1. Evaluate 2.2 N^0.38 Å with N set to the residue count of region B:14-63, then give the Cα radius of gyration divided by it.
2. In terms of Cα to Cα distance under 19 Å, which aspartates and glutamates are near enough to B:Lys78, apart from those fewer than 8 places away along the same chain?
3. Apply the Karplus parameterisation 6.51 cos²θ - 1.76 cosθ + 1.60, with θ equal to phi minus 60°, to every residue of region B:55-60 and state each ³J(HN,Hα) to the nearest whole Hz, in sequence, with x for glycine and proline.
4. Loop only by DSSP, 10 or fewer other Cβ within 10 Å of the Cβ. Give me the GluC sites (Glu not before Pro) in region A:10-114 that pass, ordered by residue number.
5. If the cut-off is 17 Å between C-alpha atoms, which aspartates and glutamates fall inside it for A:Lys26, apart from same-chain ones fewer than 8 positions away?
6. Whole-Hz ³J(HN,Hα) for each residue in region A:2-16, computed from phi via Karplus 6.51 cos²θ - 1.76 cosθ + 1.60 with θ = phi - 60°, x for glycine and proline: what do you get?
7. For chain B, what does the relative contact order come out to in percent, with C-alpha contacts under 8 Å and a separation of six or more?
8. Report the Cα-based extents of chain B along its three principal axes, largest first, to the nearest Å.
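The numbers here are math on the coordinates, done by the rules we state, and not lab data. Worth saying up front: this structure is predicted, and the values here are computed from it rather than measured. So basically every Cβ, Gly included, is an ideal-geometry build from the backbone, and we count neighbours across all protein chains shown.
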Amino acid sequence: DAGVTQSPTHLIKTRGQQVTLRCSPKSGHDTVSWYQQALGQGPQFIFQYYEEEERQRGNFPDRFSGHQFPNYSSELNVNALLLGDSALYLCASSLSRWGNTEAFFGQGTRLTVV
Amino acid sequence: AQSVTQPDIHITVSEGASLELRCNYSYGATPYLFWYVQSPGQGLQLLLKYFSGDTLVQGIKGFEAEFKRSQSSFNLRKPSVHWSDAAEYFCAVALTDSWGKLQFGAGTQVVVTP
């Protein structure tokens, strides 16, 4: 089992550009959540996708958007990049039901905006 | 407002000594509680979780945590620290109806000295 995989691992973009980050969930998981972790801070919830729809969203502007595909993989898109968008972007997958489930995190994509 | 607080930004501990990391939360109801560990440049690994039942929870790598409802706390402990425990530790909470949306504390950086 490959676990949660994210691509790319590192990315450098210029202010104003657009970026797409990708995530493949752990086998058997149907829910994908995205988090932004700025340097020296804890991860902040961006949004969550289930059944190809955004189920809930954190306090992030509309520049942040996403998509989930039928195979449960997901993309995070950020438009009009700002310097403040520089961060580690983490993807987490889980099952849609609670119980003894947990969120599994990928290694993250380090985005640097210059 | 709902919050997760990790009062200690940085802790230095000698190898072989005990470790305790503090976590307090402020929510209307008892949330689900988690501790994650993050090594440099890596994603998050779940150490342990509390949903209900026994308030002393055992996790991986020799860690345990105790839930105290009266203090709204979920402190992480390890009796004897190894050099490989040097990392950043995050406490996280999820509301029972939040479908796995995690709110993280700011983290505690643990340094292990010989």
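1. Compared with the compact-globule rule of thumb, region B:14-63 sits at 1.34.
2. B:Asp8, B:Glu15, B:Glu20, B:Asp54, B:Glu64, B:Glu66, B:Glu88
3. 7, 9, 10, 9, x, 7
4. none
5. A:Asp1, A:Glu51, A:Glu52, A:Glu75, A:Glu102
6. Those phi angles translate into 6, x, 8, 10, 10, 9, x, 7, 9, 7, 10, 10, 9, 3, x Hz.
7. Computed value for chain B: 37 percent relative contact order.
8. 43, 29, 22
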